[in-house]
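The next block holds one structure in the form of structure tokens; read it before the comments.
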Amino acid sequence: MVDLKRLRAAIAVAALVLATPSAVLGHGGEDHGAHAVAVAAPPPSSGHPRFAAEGDSFQAVLVPEDGRTVLYLADVDTNAPVLGAVIEAGAGDWQGLAQVGGAAGVYDLAWAPGPTGADVTLMVSAGGKDDLVLVTAVRPREATPAAPVTGETSFTWWKPDWSVIETIDQRILMAAGGAGALVMLVTTAVLVRRRWTSRTLVALFLLGGATSASAHGGEDHGAPPSPQPPAAPGAPIVMPKPTQFLLGVRTERIEAREAADTIRVVGRVVPDPSGYARVQPSQPARIVADPAFPIPVPGQAVTRGQVLAVLEPTLSMLEKGDKRAALYRVESELAITERDLARLETLGTLVPARQVETTRIRLDQLRKEKVQVGGIALGRELLMAPVDGLVTDVHVVPGEVVTPERVLVEIVNPSRLRVEAVIHDFTAARRISAATAATKLVPDQTFPLTLLGRSPKIDPADQGIHAIFQVAPAQAEFLSLGMPVDVFLATGTTHLRSAVPREAVTEAGGRQVVFVRTAPEVFEVRPIRINRTIGPLVEVADGVGPGDRVVTQGVEQIRAGR
């Protein structure tokens, strides 16, 4: 018989032990990411100091090194490295010419600043422009203090990846906790039946809890690196000039502009009729597989006159009988005429020359008639390419019977393409002065168009006026037949107070922003408000103004390196 008092005591003790994993099984809360170990930390490195200044035409960055100074020279508006510049430098009593360095826009000065520093004057001449740049308080880099010798060895401690270990610990702990709960309940039932005292049960359970206390969970093994926050508006973003040169960062000066007033319409790429062909059979025929004339494949280049397919005309049995009868008649007449001509030629002068000549002409006529009847009616037809170009579509299967309305092969000259635009603004259609095309399939590129003509009628299908534009041959290779494009029609001119290129505008924190270069190596995030977009330009109503230099190339690189 089971003692109910002992059973209740055992269950209470087991519940107490099972409730302890959060407090006993885990010695949580500690941070394994930083160990309290005394290690000699290396002294911070001061690096190379950088001194920058801008003039009216150029910007310069000086980096003093051991016994010399490196000069980075860039254009003040475009931020492009300046090549082939003549630079006369002066600092105190020293004067000299800068020597061309090993990279574009990099020059060397055979001078290093003294301990107290000095002002450097640069007289720069390049690209027909002269400028005076003054770089003030150029100082040498600070000496790196030597690490004290303590007789002890410094160690670089290996820091494990606690996130992986914590995951494994948690899985082991969950499995062990479940198994432990089951063992506890079974053990409780067995011990109660053996009439163990409650004190003994408590001692055993506490001993088991102490043994399992070596498992730890819930502690902080080092938080993973948090994602880099977006740059706050107005916060400076520092990027060294060598990095700007390497990434190709370019800027553009904002100023008032005259831009073409444009409207956007939908268009598509169509072929130029002089460089496009659809090859069709002239009569019902069967396609024949001829090894001498293999069937072309899409993308294959063909020339005018090249055989594309071999056809065999399909005739009924009655038609074939009539053609064969005509061929037999021609062949018999041809044989008779050949014998007559041979007999007349043997008679010589006994036969009038006119009769001989008439027989000879008749013989030539019969021979041509035989070729015509046999070659066209009963022979094969060769389909040839009418233009030079690339094969776009092939609808040819050997053994298939095709009809004259069937298009077998299409050929296009990829350097001769046009754009067909649908215009619904009938007033603007009469004021088109220029046009450009753009498509998302070819990003960051525009295609100038030449107006060839516009239809005088409204298309009943789309209720618009169709205009045809010619694509320049040099840019036609980037487009494909049937590609959808956006056509920007220039219908006049408009004045833009502050215009920036469209590629300079990006998004940060849900707002449209631009990066403005405020110093040779400093950029700033500026939120803007766009008034309107006209072709490749964006008119900015607020945020930047004339004279600011916005980044137009390398925007994503600056965002990634902020």
Ordered by packing density, taken as the mean number of other Cβ atoms within 10 Å over each peptide's residues, highest first, how do 246-252, 425-431 rank?
246-252, 425-431
Spacing of the two label points (7 Å from each Cα toward its C-beta) at Thr116 and Asp130, in nm
3.2
Which net charge results for the neighbourhood of Pro398, defined as the other residues with beta-carbon distances under 12 angstrom from its beta-carbon, given Lys and Arg at +1 and Asp and Glu at -1?
-2
Check Leu308: other-chain or 5+ apart residues with amide H under 5 Å from its amide H, H built from backbone geometry?
Leu383, Met384, Ala385
With a 1.4 Å probe and every protein chain left in place, tell me how much accessible area Ser480 has, in Å² to the nearest 10.
60
With a 1.4 Å probe and all protein chains kept in place, how much accessible area does Thr533 have, in Å² rounded to the nearest 10?
80
Listed by chain and number, the residues whose amide H is under 5 Å from that of Asp119, excluding neighbours fewer than 5 places away on the same chain and using placed H, are Gly92, Ala137, Val138
Residues in segment 413-433 reached by a label modelled at Ala461 [backbone nitrogen below 13 Å; 7 Å Cα→Cβ]
420-422
Can you tell me the length gained on complete extension of the stretch Leu382 to Arg502, counting 0.36 nm per residue apart and subtracting the Cα distance?
37.8 nm
Assigning unit charges at the beta carbon (Lys, Arg +1; Asp, Glu -1) and nothing else, what dipole magnitude in debye, to the nearest 20, does segment 489-536 show about its Cα centre?
240
Given points 7 Å out from each Cα along the Cα-Cβ axis, report the Arg529 to Thr450 separation in nanometres with one decimal.
4.5
At each listed q (0.14 Å⁻¹), what is the log10 of I(q)/I(0) that the Debye formula gives for segment 467-514 modelled as equal alpha-carbon point scatterers?
-0.70
By average C-beta atoms within 10 angstrom, highest first, the peptides 392-400, 467-475:
467-475, 392-400
Could you tell me what fraction of 2.2 N^0.38 Å the Cα radius of gyration of segment 317-420 comes to, as a two-decimal ratio?
1.82
Given 110-117, 237-244, the highest-first ranking by average Cβ count within 10 Å works out to 237-244, 110-117
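Below 10 angstrom from the Cβ of Val63, what's the summed charge of the other residues (Lys, Arg +1; Asp, Glu -1)?
On the way: positive: Arg50, Arg68, Arg141, Lys241; negative: Glu65.
Every neighbour counted, the sum reads +3.
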Cα coordinate range in segment 341-479, projected on the principal axes (Å, largest first):
87, 38, 34
For Asp108, tell me the accessible area in Å² from a 1.4 Å probe, rounded to the nearest 10.
50
Could you tally the net charge around Gly267, taking each other residue with its Cβ under 9 Å from the Cβ of Gly267, Lys/Arg +1 and Asp/Glu -1?
-1
The simple spin-label model distance between Asp393 and Thr78, using points 7 Å out along Cα→Cβ, in nm, is 4.6
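The values are calculated or read from the model by the stated rules, or taken from the named source; none is laboratory data. The structure presented is a predicted model; accordingly, all values stated were derived computationally and were not measured. Note: ideal-geometry Cβ built from the backbone for every residue, glycine included; neighbour counts use all protein chains shown. To get the accessible areas, we keep the full protein, side chains included, count just its heavy atoms, and leave off ligands, DNA and RNA. Shrake-Rupley method; radii C 1.70, N 1.55, O 1.52, S 1.80 Å.
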